[in-house]
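Everything on this sheet refers to the single structure shown next.
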Amino acid sequence: MLNRKTWVFALATLLVFCGAAFASIGSQLVGTYSGVFTGPENYGSFLVTVNPDGSINGTGRSQVYLNDLVIEGTARPDGTTEFYTVGGADIPIMFKGRIDFMNRLLGKWSSQDNNAWGSFNAMIQ
């Protein structure tokens, strides 16, 4: 029977290696995506980068409110994404979508107060 120190070491080793596996996404998802968001109340363009660690950062522009947007978020190894405005919008905009097998970033967006919504799409550059 294994003693307690051996179990703790085994568990710690497992967490270190699994944590590294979950901290990165597949290289096929990594890149810069250029796209548009459209909806009845707001529309515009955005440019986001999906980094190897799964973080997303970028910029956008609302053509209705004529303001520049700062964007941050995350991508998961299965291609699901969530990103949102952290600057430039009076009410944050949330984007939820997926990167498909053709490296298209597709999904839905909505304002945090749900008074505006629509869809978005982007292609990898």
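The values are calculated or read from the model by the stated rules, or taken from the named source; none is laboratory data. This is a predicted model, so every value here is computed, not measured. So basically every Cβ, Gly included, is an ideal-geometry build from the backbone, and we count neighbours across all protein chains shown. To get the accessible areas, we keep the full protein, side chains included, count just its heavy atoms, and leave off ligands, DNA and RNA. Shrake-Rupley method; radii C 1.70, N 1.55, O 1.52, S 1.80 Å.
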- Listed by first then second residue, the pairs whose first member lies in the range 80-99 and is more than 20 Å from Q28 (Cβ to Cβ), whose partner is part of a loop (DSSP other than H, G, I, E, B) and open to solvent by 70 Å² or more (accessible area, probe 1.4 Å), with beta carbons under 8 Å and at least 6 positions apart or on separate chains, are A89/Y65; D90/Y65; I91/Q112; I91/N115; P92/Q112; I93/Q112; M94/Q112
- Query: If we keep just the residues of the range 48-69 that are open to solvent by 70 Å² or more (accessible area, probe 1.4 Å) and assigned to a strand (DSSP E or B), which is nearest to G118 (Cα to Cα)?
  - Reply: R61
- Note on the structure: Residues in the range 76-92 that are open to solvent by 10 Å² or more (accessible area, probe 1.4 Å), of a type outside the set (S, T, Y) and at pLDDT 95 or above total 6
- Kindly establish whether W109 is touching a residue at least 24 places away in the same chain (Cβ under 8 Å), farther than 11 Å from V50 by Cα and either among the charged types (D, E, K, R) or open to solvent by less than 20 Å² (accessible area, probe 1.4 Å) (or both). yes
- Kindly indicate whether any position in the range 30-42 is crowded, with 20+ Cβ neighbours inside 10 Å, in contact (Cβ under 8 Å) with a residue 40 or more places away in the chain and among the hydrophobic types (A, V, I, L, M, F, W, C). yes
- Message: The conditions are (1) farther than 16 Å from G97 by Cβ; (2) out of contact with any strand residue (DSSP E or B) (no Cβ under 7 Å at 6 or more places or on another chain), and Q63 fails exactly one of them. Which is it?
- Response: (2)
